[in-house]
Amino acid sequence: MKSSYCLGFSSPAAFIGVNIGTSLSDMPDPTQVVALLKSQQIRHVRLFDADRAMLLALANTGIHVTVSVPNDQLLGIGQSNSTATNWISRNVLAYVPATNITAIAVGSEVLTTLPNAAPVLVSAMSFIHSALVASNLGSHIKVSTPHSSSIILDPFPPSQAFFNRSWEPVMVPLLKFLQSTDSYLMLNVYPYYDYMKASGAISLDYALFRPLLPTKEATDLNTLLHYTNVFDAVVDAAYFATSYLNFTNIPIVVTESGWPSKGDSSEPDATLDNANTYNSNLIRHILNNTGTPKHPGIAVSTFIYELYNEDLRPGPVSEKNWGLFDGNGVPVYILRLTGSGTVLANDTTNQTYCVAREGADKKMLQAALDWACGPGKVDCSPLLQGQPCYEPDTVASHASYAFDAYYHRMAMGEGTCNFNGVAMITTTDPSHASCIFSGSAGRNGTITNTTAVAPSTNSTVSGGHSRSLCRKDFYGHSLVLLLGFVLWTAACL
């Protein structure tokens, strides 16, 4: 089986990126989003549209940006070369090279969420690519389309995987396009949903990348490859499915993967600890360039779903709680990434706070406090009499709370803890009693962001992105998939 380990493409170092959804009641403005990206050293982002304000804020940062053609624009672009050319002119040429747009996702999970547009999907991708070529950007900006992993039937064991045959008239020309343009297959991989629908056939440890005893690993009896986690098994299933259609040199980029940190009573494993465990282990796994059992050492770059919790998303509680951060820029949980580089290393070892400088002029402190609670848009209600941070009732104490709230809201960006010289940065947590400062492990989450950004003419409402319909496509999966996994694990464990 050695020949199955070789791909005909080079493998650059893997990266971790993030998806940026916008269904937040307190959505930060684009400059705040970029400040957070910089503070977390995130160098790759995926947008669910091509929002003008966001693309302008990303200019001159060097951050690699994937923009998206929303599903509701797909039919028009797929039926008209000129429409595609106009889209590229408005949403790409207007921003490059200052904004480092490196990929375009044409639609999202089209085959499973918008099947009526499937016949024009490849033509839409081709028209978009042709417009890029005409602008000498064809080699710099890749064109692809994200797929739900549910288009893969019988994914366990991976060597038996194949795409839903009803989609072969689309998948074959799509894979030809990706191959001819040196692009990659975009795949959304959610071990959380695989675990949920398996009804006990998949262990939680296997879904979360936790270490397994050799006897608990899953072995593909056709290839004798050993699998220690669901993520690798799904990615390899996609590799095998493309091989089944005689395509062996198309790399995979995972455009969405994550774990919810909160769920309702029917989602007991959507917890902070499980979300932390999954994303921390995923990041380490990707950045170690481990690859998969089928293609060891071949990068599987991955975008975590997602940067922010989106409280406005419909559906169960879990739908609103996939984010790494709250809208105020404070981590939902502290990722366990010691020794894994700097990306998303939002741990507390380097936690800083912004407080009033000792001996600062009281009038200047008061003026800075007034600014923070006014134009700075910090929620200063905890400073009112009877509230947790009212005591001690001093200008310095109140200013420290407001300064720190603003500082963390701006993602601790350079120059955001100055306030005309009356503020300073400290590593000592200034929280006291029930008054919890922003960035503290016991944060109270009282900062709000009332800055509203008017949607641009080319953006969609609240990032109407691919995780629509609450992933019902996973739960509508064939019973064959579950039976296949049960039989596989029964044979291997």
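Figures for the structure shown
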| item | result |
| --- | --- |
| Total residues in region 24-83, condition surrounded by 21 or more Cβ atoms within 10 Å (Cβ to Cβ), of a type in the set (Val, Ile, Thr) and under 30 Å from Pro115 (Cβ atoms) | 6 |
| Yes/no for His140 being outside any helix (DSSP H, G or I) and open to solvent by 40 Å² or more (accessible area, probe 1.4 Å) | yes |
| Ile152 buried (at least 18 other Cβ atoms within 10 Å of the Cβ), within 30 Å of Asn86 (Cα to Cα) and in contact with a helix residue (DSSP H, G or I) (Cβ under 9 Å, 6 or more places away or on another chain) | no |
| Only listed residue being in contact with a Pro (Cβ under 7 Å, 6 or more places away or on another chain), among the polar types (S, T, N, Q) and within 29 Å of Thr61 (Cβ to Cβ), chosen from Ser139, Ser130, Ser108, Ser135 | Ser108 |
| Those residues of region 143-160 which are closer than 16 Å to Ser68 by Cα and part of a helix (DSSP H, G or I), in sequence order | none |
| Residues located in region 285-304, provided they are part of a strand (DSSP E or B), at negative phi and surrounded by 20 or more Cβ atoms within 10 Å (Cβ to Cβ) | Thr302, Phe303, Ile304 |
| Pair list, Cβ < 8 Å and 6+ apart or interchain, from region 124-143 residues that are touching a residue at least 24 places away in the same chain (Cβ under 8 Å) to residues that are open to solvent by less than 10 Å² (accessible area, probe 1.4 Å) and assigned to a loop (DSSP other than H, G, I, E, B) | Ala124/Gly107; Met125/Thr145; Leu132/Ile141; Lys142/Ser183; Val143/Ser183 |
| Positions within region 164-192 being open to solvent by 10 Å² or more (accessible area, probe 1.4 Å) and not in a loop (DSSP other than H, G, I, E, B), in sequence order | Arg165, Ser166, Trp167, Glu168, Pro169, Val170, Val172, Pro173, Lys176, Phe177, Gln179, Ser180 |
| Neighbours by Cβ (under 6 Å, 6+ apart or cross-chain): first from region 373-398, over 20 Å from Arg357 (Cα atoms); second outside any loop (DSSP other than H, G, I, E, B) and open to solvent by less than 50 Å² (accessible area, probe 1.4 Å) | Pro388/Pro382; Pro388/Cys435 |
| Some residue of region 359-372 being more than 16 Å from Asn420 (Cβ to Cβ), surrounded by fewer than 18 Cβ atoms within 10 Å (Cβ to Cβ) and under 34 Å from the mean Cα position of the chain (by Cα) | no |
| Selection status of Pro97, open to solvent by 10 Å² or more (accessible area, probe 1.4 Å), without any contact (Cβ under 8 Å) to a residue 60 or more places away in the chain and not polar (S, T, N, Q) | yes |
| Only listed residue being at negative phi, modelled with pLDDT of 95 or more and assigned to a strand (DSSP E or B), chosen from Ile104, Ile128 | Ile104 |
| Of all residues in region 196-227 being open to solvent by 90 Å² or more (accessible area, probe 1.4 Å) and part of a helix (DSSP H, G or I), the one that is nearest to Asp264 (Cα to Cα) | Lys216 |
| Among the candidates Ser10, Ser23, Ser3, Ser39, residue that is of a type in the set (S, T, N, Q) and modelled with pLDDT of 95 or more | Ser23 |
| Options Leu282, Leu245, Leu307; residue that is on the phi < 0 side of the Ramachandran plot, surrounded by fewer than 21 Cβ atoms within 10 Å (Cβ to Cβ) and not polar (S, T, N, Q) | Leu245 |
| Asn116 being assigned to a helix (DSSP H, G or I), open to solvent by 50 Å² or more (accessible area, probe 1.4 Å) and modelled with pLDDT under 95 | yes |
| Residue under evaluation His408, criteria (1) at pLDDT 90 or above; (2) open to solvent by less than 80 Å² (accessible area, probe 1.4 Å), criterion not met | (1) |
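The values are calculated or read from the model by the stated rules, or taken from the named source; none is laboratory data. Note that the coordinates shown come from a computational prediction; the quantities given were computed from them, not determined experimentally. All Cβ positions, even for glycine, are placed from backbone atoms using ideal geometry, and neighbour counts span all protein chains on display. Surface accessibility is based on the protein's heavy atoms, side chains included, excluding ligands, DNA and RNA. Shrake-Rupley method; radii C 1.70, N 1.55, O 1.52, S 1.80 Å.
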